[in-house]
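One structure is given here, and the rest of the page talks about it.
Here, each number is a calculation from the coordinates, and none is a lab measurement. Not measured: the values here are computed from a predicted model. Every residue, glycine among them, receives a Cβ derived from its backbone with ideal geometry; neighbour counts consider all protein chains shown.
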Amino acid sequence: MGERRTYTEEFKRDAVKHSINSDKNCREIAEDLGINYNNLIRWRKKFRDNGELAFPGKGKQKLTQEQQKIKDLENELKEAKLERDILKKAVAIFSKKPK
């Protein structure tokens, strides 16, 4: 089996923009660039759905400022709930009457 090829974010974005602005069809452009036709179609769909936030690389999701703020607040809330639960358990343990 051959090694898996990886493409940079810039290459993917350029390929998609070229396919959108060109008079050639996607199959011809993919052939010219030496990439799989299905990859180009998938990249075009991601670009159409996510715009400039497409192709984050290494599985890391690119977020807008609002999305990042929401994610940070969700993490903070999760941590606060965990601390609250620990304190509840501690109060329950220390409030028991000794035998």
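Details
- Here the extension length gained between Gln65 and Lys24 equals 11.1 nm, from 0.36 nm per residue of separation less the Cα-Cα distance.
- Estimated distance in nm for a label pair at Glu74 and Asn50, the labels positioned 7 Å out from Cα along Cα-to-Cβ: 1.5
- Which of Phe11, Ile41, Ala54, positive extreme of dipole for the stretch 1-62 (C-beta unit charges): Ala54
- Counting every alpha-carbon pair across the stretch 1-56, the share separated by more than 16 Å comes to 37%.
- To the nearest ten degrees, helix 65-94 and the longest principal axis of the Cα atoms of the chain are 20 degrees apart.
- For the chain, relative contact order (Cα pairs under 8 Å, six or more residues apart, normalised by length) works out to 20 percent.
- Debye-sum result for the chain in log10 I(q)/I(0), which assumes one identical scatterer on each alpha carbon, at q = 0.11 Å⁻¹: -0.55
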